[in-house]
1. Do any helices (runs of 4 or more DSSP H) lying entirely in segment 1-91 carry at least 1 residues that are loosely packed, with under 15 Cβ neighbours inside 10 Å, and which ones are they?
2. Quick one: how many residues across segment 195-212 are in contact (Cβ under 8 Å) with a residue 40 or more places away in the chain, assigned to a loop (DSSP other than H, G, I, E, B) and out of contact with any helix residue (DSSP H, G or I) (no Cβ under 9 Å at 6 or more places or on another chain)?
3. Applying the selection to segment 21-55, what residues are modelled with pLDDT of 95 or more, under 17 Å from the mean Cα position of the chain (by Cα) and of a type outside the set (V, I, T)?
4. May I ask you to verify whether A43 is over 13 Å from Y105 (Cβ atoms), in contact (Cβ under 8 Å) with a residue 12 or more places away in the chain and not hydroxyl-bearing (S, T, Y)?
5. Give the residue, chosen from V65, V80, V25, V51, that is closer than 15 Å to L101 by Cα and β-branched (V, I, T).
6. Quick one: is S58 hydroxyl-bearing (S, T, Y), touching a helix residue (DSSP H, G or I) at 6+ places or on another chain (Cβ under 9 Å) and over 20 Å from V100 (Cβ atoms)?
7. Select from segment 153-212 the residues that are in contact with a Pro (Cβ under 7 Å, 6 or more places away or on another chain) and open to solvent by less than 30 Å² (accessible area, probe 1.4 Å) and list them in ascending order.
Amino acid sequence: MNIPLLLLALLAAYLLGSIPTALWVGRRFFGLDDIRQHGSGNAGATNTFRVLGKKAGSAVMAIDVLKGYVATALPAWLAVAPSGSGPLLYAQLGAGALAVLGHIYPVWAQFRGGKGVATILGMMLALAPATVGMCVLVFLTMLALFRYVSLASMTAGLAFALLQLLPTFRPAQPLLLWVGFAIAALLVYTHRANIGRLRAGTESRVPMPWAR
């Protein structure tokens, strides 16, 4: 493994993940000083949808997904280890995890970011695209049925972990099984305030045409 290139990839992954997309979009295009002072109080795509609307929310989500994807793919692009090897997978997981950490605790925004859902999606899209595709369907189904983004996100994260237990989606590298459950646990942790609101019946719902 090329250690200097690995360290470069890991540093770049954290800095890339730290880009506070919601914060910068709010300031640049909407004159909003700090989106974290509005809505749910975090700098993520869901709060951008809530505060700034569909176009801004979609742009923020796309960029945050891209952050996770690029950060995770970076070790492969830099050839820090042989293609398909265990060391390369470890490098990619480390880079992806640092991108997610950067999104949640961004160095560019006083270490107060979003919940990491979109960045995790990008990370796993780079590693297990077929499984992620199924999880997107789970997310959309849960969102359509219950209209809670937080619940849909946590359910999709759990689905990712459980799907990998099935032969069709079982990863070549067993480590990804453990990563899947770690991601599910992380999503529950970052949504702990949402869980409280869900239990209290005060969580915000996403408006749907048929629910009007």
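1. Where helices (runs of 4 or more DSSP H) fall fully within segment 1-91 and carry at least 1 residues being loosely packed, with under 15 Cβ neighbours inside 10 Å, they are 3-17, 21-30, 54-77.
2. The total comes to 1.
3. Residues satisfying the conditions are A22, L23.
4. no
5. V65
6. In short, yes.
7. Scanning segment 153-212 gives a single hit, Q164.
Quick grid of which residues meet (1) over 30 Å from Y90 (Cα atoms); (2) in a helix (DSSP H, G or I):
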{"residue": "L143", "(1), (2)": "yes, yes"}
{"residue": "M154", "(1), (2)": "no, yes"}
{"residue": "L158", "(1), (2)": "no, yes"}
{"residue": "L165", "(1), (2)": "no, no"}
{"residue": "A172", "(1), (2)": "no, no"}
{"residue": "W178", "(1), (2)": "no, yes"}
{"residue": "I183", "(1), (2)": "no, yes"}
{"residue": "L187", "(1), (2)": "no, yes"}
{"residue": "A193", "(1), (2)": "yes, yes"}
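The values are calculated or read from the model by the stated rules, or taken from the named source; none is laboratory data. Since the model is a prediction, treat every value here as computed from it, not as a measurement. For neighbour counting, all protein chains shown are included, and Cβ atoms are generated from backbone atoms with ideal geometry for every residue, glycine included. The accessibility values were calculated without ligands, DNA or RNA, using every heavy atom of the protein model including side chains. Shrake-Rupley method; radii C 1.70, N 1.55, O 1.52, S 1.80 Å.
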